[in-house]
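Structure record follows, encoded as structure tokens.
Bear in mind these aren't lab numbers, they're just calculated from the coordinates by the rules spelled out. What you see is a predicted model, and the numbers here were worked out from it, not measured in a lab. FYI the Cβ positions are ideal-geometry reconstructions off the backbone, even for glycines, and counts take in every protein chain you see.
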Amino acid sequence: MRLLFVLLPTLFVAHAYAFEPLNTDDAATVGHEVHQIEAYFYAISANGTYDQVSDISPGEEFVGNGNARTLPITYTYGINEVTEASISASYYFVPTGSYEPMSNYVLGIKWRFMGDGNTGFNLAAKPTLTLPSSNNQQAAGLGNAATNYGINLIASYYWQDIDIHLNASYEREPYNHAYPVGGDSDLQRSNVYGVSIAPVWSIHPRLKLALDIGTATNTPTNAPTYLNGYVMMAGIYSPSPTWDLGVAYLVSGNNIADATTVSKSKRNGADRFEVGVTWRF
């Protein structure tokens, strides 16, 4: 069973910087010749009868059995005012086994083709390429042993005190059929479609709160339900224009009802806690 997670943009005063820890991306870019490093540690705890968990953000997927402790790191460079390039990878503290702990190497390009990334309506597109993991990493749930690729279409509207971001994504996720995916031998869907929405409130010049909700078609082909869902709450504190501190809590399930169920004993899904920093220079 695969589940979803979200990442929240982190901004100080202007909207010009993209953000963690939300999964829903925004249409803004980091700016010309700006460097950005994001490092966010997350802990996943599985609940209910389904014990596989996942993330629709390319390169941060975990579809293994049980829990995970992971540190994804992303480096982004502003090619110009409307285009940025990024590279990311994830280090797994848990699980461990006969495989390298580093996995999910992702290359991405974001291009904003409408708007200024700061006010009004903006549109952007972000294609990604995920390099293959090893066969043993695939079996443990640390990515797929084949090249994956996809594209995310991003719409953002920026007001003075609230922003709204909408994503519509497609991921082509082939894998080595000779090995299970995260311990699950059921055939997995290789064409994954997802949508998500995230309103972000500026309650103080240095503090933002966000809600992120999404769903995707990434359950196994023989699963009784077709959609997975997630709900996330996040906050970002920016002590300076170059530093953001983010924290987020997410619940996910094999549908929105599972993701919003209060009782863990009745939920088929997972909890995810995330904390980290963003540094721009």
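General remarks:
- 3J(HN,Hα) along the range 30-38, derived from phi through the Karplus expression 6.51 cos²θ - 1.76 cosθ + 1.60 where θ = phi - 60°, amounts to 6, x, 4, 6, 8, 9, 9, 10, 10 Hz, with x in place of Gly and Pro.
- When peptides 200-212, 89-101 are ranked by their average number of other Cβ atoms within 10 Å per residue, the highest-first order is 200-212, 89-101.
- Compared with the direct C-alpha span, the chain from Ile37 to Tyr157 gains 40.7 nm at full extension, assuming 0.36 nm per residue.
- Karplus (6.51, -1.76, 1.60) ³J(HN,Hα), θ = phi - 60°, over the range 113-130, in Hz, Gly and Pro reported as x: 10, 8, x, 9, x, 9, 9, x, 8, 9, 10, 8, 10, 9, x, 9, 10, 9
- Nitroxide proxy distance, nm - points 7 Å out along Cα→Cβ at Ala168 and Asp116: 2.7
- The phi-based Karplus calculation (6.51 cos²θ - 1.76 cosθ + 1.60; θ = phi - 60°) puts the 3J(HN,Hα) values of the range 205-214 at x, 10, 9, 10, 10, 9, 10, 10, 10, x Hz, whole numbers, x for Gly and Pro.
- Kirkwood-based Rg to Rh ratio, the range 137-202, C-alpha trace: 1.19
- Residues Thr29, Thr147, Thr76, sorted so that the one with the fewest Cβ neighbours within 10 Å comes first: Thr147, Thr76, Thr29
- Amide H to amide H, with H built 1.01 Å from N, Tyr149 comes under 5 Å of Thr130, Arg172, counting only residues 5 or more places away or on other chains.
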